[in-house]
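Peer 1: Have a look at this one.
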Amino acid sequence: MSHPTPNRPLSPFMLGQYYRFQLTSLLSIIHRITGVGLSLGTFLLAGWLISLAGGPECYAAFAKHLTAWYGQVLLFGWSWALMYHLCNGIRHLGWDVGKGYALSAAYASGYAVVVVSLILTAAAWAVAYAH
Amino acid sequence: MSMRSPLGRARGLGSAKDGTHHFWVQRVSAVALVPLALWFVFSVARLSGGDFFMVRHWVHAPSVAVTLVLFIAAALYHSMLGVQVVIEDYVGSEGAKIASLLLNKFLHAIVAVSAIFAVLKVALGQ
């Protein structure tokens, strides 16, 4: 019977020191982080609609923050998080039906998710600023 | 040799007595959110720079109000399911876990109902 080595590093402490960087695990944790970020973003969505229901002064007071630099930074982050979570979510739906499990396919779809999410985010902001 | 009873295996509900329900509804809401979220982001992008009256005019259209309510319902339901998994994964102590799971459900219900009520108030007003 083998005994565990004392002071053996456990999983979180293996990152960066002993584990090689993997795109797949990074995209996986980003999916979770963007998901939680989008959950917090629903407060912003509700606040926007509630201010709209409150009348012109109420809406102007809320919209002032959205158009300020910090509001635009927040909205940009939120829009990319949504596009990333959406694209990677489709990747997950593919895995759910048993498609794309080969390592090469998982990497190809991973790169595709990064590129397509950036294109969709840029497209949304191009629409916003073309107006 | 399986330790499960034939009845337990046939029901397929497992120790949580819930089977694959959580997994399945998370996927159903995800599929619904693909078109709804894209519609929402690009619609709001087109409203960029618009004032109160322009946004109210947009929400006032029945097709927009209905799609907005569908988006809010699907998004908040999917969000609630996702945050539940995160809590179950990371919150260790039983008391804190149950408290945060309850808070998760209540907060999502409050945000969803408030946002939907706001849409209906604007859509049905005047």
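Peer 1: Please list the helices of chain B that count as membrane-span-like by this rule: a mean Kyte-Doolittle hydropathy of at least 0.0 together with Cα atoms stretching 24 Å or more along the helix axis, each helix being a complete DSSP H run.
Peer 2: Span-like helices, by this rule, are B:21-46, B:62-90, B:94-124.
Peer 1: Given A:Ala112, A:Leu49, A:Thr67, which one lies farthest toward the positive end of the charge dipole of chain A, if we put +1 on the Cβ of every Lys and Arg and -1 on the Cβ of every Asp and Glu?
Peer 2: A:Ala112
Peer 1: R0 = 30 Å: FRET efficiency of A:Ala68 with A:Leu103, Cβ-based, nearest 0.05?
Peer 2: Between A:Ala68 and A:Leu103 the formula returns 0.10.
Peer 1: Here's something else I'd like to know. Between the DSSP loop rule and a limit of at most 12 other Cβ atoms within 10 Å, which trypsin sites (Lys or Arg not before Pro) in segment A:22-111 are left?
Peer 2: Taking segment A:22-111 and a limit of 12 other Cβ atoms within 10 Å, the loop trypsin sites (Lys or Arg not before Pro) found are A:Lys99.
Peer 1: At a Förster radius of 45 Å, what calculated FRET efficiency corresponds to the Cβ-Cβ distance of A:Cys58 and A:Val114, to the nearest 0.05?
Peer 2: My answer for the efficiency is 0.70.
Peer 1: Another one. By a straight-distance test (C-alpha under 13 Å), which aspartates and glutamates pair with B:Lys97 as possible cross-link partners, with residues fewer than eight away in the same chain excluded?
Peer 2: Those aspartates and glutamates meeting the cut-off are B:Glu88, B:Asp89.
Peer 1: Continuing with the same structure: If you plug each phi of segment A:78-89 into the Karplus form 6.51 cos²θ - 1.76 cosθ + 1.60 with θ = phi - 60°, what whole-Hz ³J(HN,Hα) values come out, in order, with x for Gly and Pro?
Peer 2: Rounded to whole hertz, the list is 5, 5, 5, 4, 5, 5, 5, 5, 5, 5, 5, x.
Peer 1: Once R0 is set to 35 Å, what does the formula 1/(1 + (r/R0)^6) return for the Cβ-Cβ distance between A:Tyr19 and B:Glu88, expressed as a FRET efficiency to the nearest 0.05?
Peer 2: My answer for the efficiency is 0.90.
Peer 1: Now for a different question. Using a Gaussian network model of chain A whose springs link C-alpha atoms within less than 10 Å, name the residue from A:Leu103, A:Leu118, A:Leu38 with the highest mean-square fluctuation.
Peer 2: Most flexible of the set in this elastic network: A:Leu103.
Peer 1: Roughly how many nanometres apart are two label points built 7 Å out from the Cα toward the Cβ at B:Arg46 and B:Val66?
Peer 2: 1.7 nm
Peer 1: How high is the relative contact order of chain B, in percent, with contacts defined as C-alpha pairs under 8 Å that are six or more residues apart?
Peer 2: 29 percent
Peer 1: Same structure again: Find the centroid of the Cα atoms in segment A:28-94 and in segment B:28-72, then give the distance between the two in whole Å.
Peer 2: 13 Å
Peer 1: Mind putting a number on the dipole of segment B:32-126 about its Cα centre? Charges go on the C-beta only, +1 for Lys and Arg and -1 for Asp and Glu, and I need it in Debye to the nearest 20. Don't skip to the end; give the middle numbers.
Peer 2: Details: 5 positive and 4 negative charges, 63 e Å.
Computed about the Cα centre, the dipole is about 300 debye.
Peer 1: Once you charge only the Cβ atoms, +1 for Lys and Arg and -1 for Asp and Glu, what is the size of the charge dipole of the protein assembly as shown about its Cα centre, to the nearest 20 debye?
Peer 2: Working: 16 positive and 7 negative charges, 112 e Å.
Taking the Cα centre of the protein assembly as shown as origin, the dipole is about 540 debye.
Peer 1: Write down, largest first, the equivalent ellipsoid semi-axes of chain B in whole Å, where each equals the square root of 5 times an eigenvalue of the alpha-carbon gyration tensor. Please list the in-between numbers first.
Peer 2: Details: eigenvalues 297, 59, 31 Å².
After scaling each eigenvalue by five and taking roots: 39, 17, 13 Å.
Peer 1: Just going by the charge dipole of the protein assembly as shown, with Lys and Arg at +1 and Asp and Glu at -1 on Cβ, which of B:His22, A:Ile30, B:Val59 is farthest out on the positive end?
Peer 2: Sorting the options by dipole projection puts first B:His22.
Peer 1: Each residue of segment A:95-103 in order: what ³J(HN,Hα) in whole Hz does its phi give by Karplus 6.51 cos²θ - 1.76 cosθ + 1.60, θ = phi - 60°, with x for Gly and Pro?
Peer 2: Each residue of segment A:95-103 in turn: 4, 4, 9, x, 9, x, 7, 4, 4 Hz.
Read-outs: derived from the displayed coordinates by stated rules, not from any lab. Please read these numbers as outputs of a predicted model, since none were measured by experiment. Note that we place each Cβ from the backbone using ideal geometry, even for glycine, and neighbour counts take in every protein chain shown.
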